[in-house]
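So the structure is just underneath, and the comments pick up after that.
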Amino acid sequence: MLEDPIHHFSLVRFIQDFYELDKLLLLHFPNHRVPLPKLEHVGKKKNLFASLKKKMKTSARRIENYLRHSLSTPIGKTSLFRDFLSAQRDEDRVISKTIVRQMVTQHHPVTHNTSPSLPPSPPPSSNPCCDSILKDFKDESLMLEPELSEEEDLMCSSILGKQQNYDRMDDFELIKVLGKGATGKVILVREQQSHKLFALKSITKSWSITRREVEHIRMERDILVALSAIRHPFLIRLHAAFQDRQNLYLVLDYHAGADLATLLQRYICFHPEQCRLYAAEIVMGLQELHRNNILYRDLKPENVLLAADGHLVLTDFGLSKLFKGSDRYDHRTTTFCGTPEYLAPEIILQDEEYSYAADFWSLGTMLYEMLTGVTPFAAETPEDMYDRVLYDDLTFPARFDPEAMDLIAGLLERDPLERLGAGIGGVFELRTHAYFARHLNWKDVHAKRIQPLYVPSRTSETDLSNFDPDFLEMSTHIKEENDEAILLRQRWLPESCPLGLTEHAFRGYSYIEPDELRDIPYGSEISFFSSDYCYEDYEDEEDSQYSSPLNTASVATSTSSLEQKKLRNKQSMPMMNTACFNQSIRNSLIINKEEDPSAWRS
């Protein structure tokens, strides 16, 4: 039983709920979490009732002390902790103190002169519907602070239901719509206190939302939170997440150059050197995602943003998959999702599980499109496109760059076991390909030291000339569903939308970027080799490996390691393209012999 100045809360929480809360607090606030005391479960004993009473009292006292201690610390101000103390189950009750006072006044017994005077009534804590509960817990209830300071919890969500609703949209000035999708809008906003610009992604809690969509929405939030601690130069950064009764919100970095889809509409195709840098930055973004067990699944021009400095940023992880467990051989899935033009054959066929190789197919399709202006298997309908992806030969225009042709052909290999970048060597196969190795220094790519050929032009901070004017003309109003519509939906469509789905499905969605992460430099992996992609024998500290595709010493090591691990990995993960790998080795030896590595730097 809890209370704040205007409400009583009667909440049902099980011991397992406290353990789950403790895990979440340990994950997100390891330095500020209050340790959860050991809680006793009631087992099957002969004297069950006696043990039940004793253990309930013991655990209840420990839980009370734990909650009081947590509420007195910064943890008690976090949206995660306060959501836990909100009405979430059907058994939970939120009772207005005003209503209780009115009912007490209405039903107060009339005293007679012959009776002794009664002492003044205590503050209303009785209601016919919950009198016994409040009486038993009169001295045990915890007080919740009515307000949260902006420093402690800038973005806070609540799922208290009708009685209370934290809506922090007032913290932002809505400026213009930057984009719109099936689930909501992306709006340019200005934070009122700091005056900084952000991209606010709103996601409607639609009445037609399915449980799979709930999983995708939560997955995107979890991925963004995981990536927020990495600060990778080519991955979008999340600052906060919050919700109200109607919508979910993600506060993201604003990038002023729109996206590659808008740029392709304007210029049809790009300069070859511009494509090379774009492809390299996408490769580094994919490497970081895969290193963190994230399958992108929706790499396309619309999801590649152009920053104000001309560099790329990958965004929109609504269809991405975050694998659990460290064994990469088990990182496979079967869900059919993505954009038709960029779907890999193994996703289209739906005959077997697929993995990270699907992202490299999308990369090959995008690189082909950036160089030519069309996708390699373009067709009038998705069905025809799928047929072309599965059966048509890959063709290139006349006078196509041979290095780009070889790279794209490797990426668009239909067999995921033979696809470039999908084998044991992983991203190593891509980064040592002649298309990159002869022209780029990967340290310079990661540090953004290579000047892009195209930099978006801007006359002011809010110059939106790079964005699609159709989006800019849209209203910034975020669609909301009124209470009457919600009741009608729950009454007539109970099966398609279970009662309370929009209130309970997104528990713990809120997030605020910790202070220690706001000004840290990039913390992403910048080593040329990673044990996630190639063999542990490779050294990652030699600067020479950044400027040459592969040195002679590492060739001998990699060859022996390859033979040792081929058999073990043959059935459990996509094999690397051995022919392409060997060709990469031969190319590197020729390059080392005939060319000066310094000439490859941009």
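Residues of region 351-386 that are in contact with a Gly (Cβ under 9 Å, 6 or more places away or on another chain) and under 25 Å from residue 331 (Cβ atoms): 356, 357, 358, 359, 360, 362, 363, 364.
Under the condition of being modelled with pLDDT of 75 or more and in a helix (DSSP H, G or I), which residue from region 197-217 is surrounded by the fewest Cβ atoms within 10 Å (Cβ to Cβ)? Show your work before the answer.
So in region 197-217, the residues modelled with pLDDT of 75 or more come out as 197-205, 213-217.
Then drop every residue that is not in a helix (DSSP H, G or I), which leaves 213-217.
Values: 213: 16, 214: 15, 215: 12, 216: 19, 217: 20.
Across region 197-217, the extreme among qualifying residues is 215.
To keep it simple, each residue is scored yes or no on (1) among the aromatic types (Phe, Trp, Tyr); (2) modelled with pLDDT under 95.
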| site | (1), (2) |
| --- | --- |
| 240 | no, yes |
| 245 | no, yes |
| 248 | no, yes |
| 264 | no, no |
| 272 | no, no |
| 275 | no, no |
| 278 | yes, no |
| 281 | no, no |
| 296 | yes, no |
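Taking the criterion of being of a type in the set (A, V, I, L, M, F, W, C) and under 13 Å from residue 362 (Cβ atoms), the residues of region 295-351 that qualify are 295, 299, 304, 314, 319, 337, 343, 344, 347, 348. Restrict the check to region 390-408 and report whether at least one residue is over 14 Å from residue 276 (Cβ atoms) and under 30 Å from the mean Cα position of the chain (by Cα). No, every residue in region 390-408 fails to be over 14 Å from residue 276 (Cβ atoms) and under 30 Å from the mean Cα position of the chain (by Cα).
Within region 347-360, the set of residues being farther than 19 Å from residue 322 by Cα and modelled with pLDDT of 90 or more comprises 348, 349. Every test in (1) more than 18 Å from residue 448 (Cβ to Cβ); (2) assigned to a helix (DSSP H, G or I); (3) touching a helix residue (DSSP H, G or I) at 6+ places or on another chain (Cβ under 7 Å) is passed by residue 275 save one, and that test is (1). The set of residues from region 27-39 being modelled with pLDDT of 80 or more and surrounded by 12 or more Cβ atoms within 10 Å (Cβ to Cβ) comprises 34, 36, 37.
Residues checked against (1) under 24 Å from residue 201 (Cα atoms); (2) touching a helix residue (DSSP H, G or I) at 6+ places or on another chain (Cβ under 9 Å); (3) without any contact (Cβ under 8 Å) to a residue 60 or more places away in the chain; (4) not charged (D, E, K, R):
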| site | (1), (2), (3), (4) |
| --- | --- |
| 287 | no, yes, no, yes |
| 297 | yes, yes, no, no |
| 300 | yes, yes, no, no |
| 306 | yes, yes, no, yes |
| 311 | yes, yes, no, yes |
| 314 | yes, yes, no, yes |
| 321 | yes, yes, no, no |
| 328 | no, yes, no, no |
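Residues checked against (1) under 30 Å from residue 221 (Cβ atoms); (2) part of a helix (DSSP H, G or I); (3) modelled with pLDDT of 60 or more:
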{"residue": "52", "(1), (2), (3)": "no, yes, no"}
{"residue": "61", "(1), (2), (3)": "no, yes, yes"}
{"residue": "64", "(1), (2), (3)": "no, yes, yes"}
{"residue": "69", "(1), (2), (3)": "yes, yes, yes"}
{"residue": "83", "(1), (2), (3)": "yes, yes, yes"}
{"residue": "87", "(1), (2), (3)": "yes, no, yes"}
{"residue": "90", "(1), (2), (3)": "yes, no, no"}
{"residue": "95", "(1), (2), (3)": "no, no, yes"}
{"residue": "100", "(1), (2), (3)": "no, yes, no"}
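Among the residues of region 218-232, just one is surrounded by 20 or more Cβ atoms within 10 Å (Cβ to Cβ) and assigned to a loop (DSSP other than H, G, I, E, B), namely 232.
Look through 365, 335, 339, 372 and report the one residue that is of a type in the set (Ser, Thr, Tyr) and over 17 Å from residue 299 (Cα atoms). Walk me through it before giving the result.
Values: 365 fails: over 17 Å from residue 299 (Cα atoms); 335 fails: over 17 Å from residue 299 (Cα atoms); 339 fails: over 17 Å from residue 299 (Cα atoms).
None of the others qualify; the one that does is 372.
When the test is whether a residue is hydroxyl-bearing (Ser, Thr, Tyr) and within 23 Å of residue 179 (Cα to Cα), residue 278 passes it. With the condition kept exactly as written, say whether any residue in region 280-303 is in contact with a Gly (Cβ under 8 Å, 6 or more places away or on another chain), surrounded by 19 or more Cβ atoms within 10 Å (Cβ to Cβ) and of a type in the set (Gly, Ala, Ser). The answer is no; no qualifying residue exists.
The values are calculated or read from the model by the stated rules, or taken from the named source; none is laboratory data. All of these numbers come straight from a predicted model, not from anything done at the bench. Glycine also receives a Cβ, built like all others from the backbone with ideal geometry; neighbour counts cover every protein chain displayed.
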